[in-house]
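Below is one structure, written out as structure tokens; the observations come after it.
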Amino acid sequence: VIDGLAASYGPVDKVAGIEARGFILAAPVACRLGAGFVPIRKKGKLPGVTFAQDYELEYGTATLEVLADAFQPSDRVLVIDDVLATGGTGRATADLVRRSGATVTGLAVLLELSFLNGRAKLTDLPVTALLTV
């Protein structure tokens, strides 16, 4: 699984893992790639100055945050999560990374639930799923 996710998008400087199961996958992918790991957390869990991004859920809204200094403008960033469902967390994370001036090289997930059409929110990103149902 780690090799499959790591092989997705060429050399990167940082790997962003979306809370919480995305951490489990993103940290070893970052290690495999020799890149830094950046946690994307739910609102209020990070110390210091953060960028925040709201996104829609099937039943309301939520907010993701990243430390304001987590990315440099020259960073190439791979986003990792466990599941691509409706695409809301992937979209919010890509927007957070881009706000810092960094480049999102792609989104890699373990599982895509294709019937929820999450890719429709991510048409500007390469998306790789190791398993699609």
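The values are calculated or read from the model by the stated rules, or taken from the named source; none is laboratory data. It should be emphasised that the depicted structure is a prediction, and the values quoted were computed from it without experimental measurement. A quick note on method: Cβ atoms are made from the backbone with ideal geometry, for glycine too, and the neighbour counts reach across all protein chains shown. In case anyone asks, the SASA skips ligands and DNA or RNA and just uses the protein heavy atoms, side chains included. Shrake-Rupley method; radii C 1.70, N 1.55, O 1.52, S 1.80 Å.
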### Query
When the residues of segment 48-66 are filtered to those that are of a type in the set (Ser, Thr, Tyr) and under 15 Å from Arg99 (Cβ atoms), which remaining residue is modelled with the lowest pLDDT?
Tyr55
### Message
Looking at segment 117-130 only, could you name the residues that are open to solvent by 70 Å² or more (accessible area, probe 1.4 Å) and in a helix (DSSP H, G or I)?
### Response
Arg119, Lys121
## Note on the structure
Among the residues of segment 44-59, the number that are in a loop (DSSP other than H, G, I, E, B), farther than 18 Å from Ala70 by Cβ and touching a residue at least 12 places away in the same chain (Cβ under 8 Å) is 1
### Query
Which ones in segment 102-111 are open to solvent by 40 Å² or more (accessible area, probe 1.4 Å) and either outside any strand (DSSP E or B) or within 15 Å of Ala26 (Cα to Cα) (or both)?
Leu110, Leu111
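Each row is one residue, and each column tells you yes or no for (1) in contact (Cβ under 8 Å) with a residue 24 or more places away in the chain; (2) open to solvent by 10 Å² or more (accessible area, probe 1.4 Å).
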residue	(1), (2)
Ser74	yes, yes
Leu84	yes, no
Ala94	yes, no
Ser100	yes, yes
Leu113	yes, yes
Thr132	no, yes
### Task
Could you tell me whether Phe37 is modelled with pLDDT of 95 or more, more than 13 Å from Gly17 (Cβ to Cβ) and aromatic (Phe, Trp, Tyr)?
no
### Message
Looking at (1) at pLDDT 95 or above; (2) open to solvent by less than 40 Å² (accessible area, probe 1.4 Å); (3) not small (Gly, Ala, Ser), which one does Lys45 not meet, given that it meets all the others?
### Response
(2)
### Task
Of the numbered conditions (1) over 19 Å from Gly88 (Cβ atoms); (2) of a type outside the set (Val, Ile, Thr); (3) not in a strand (DSSP E or B), Phe37 fails exactly one; give the number of that condition.
(3)
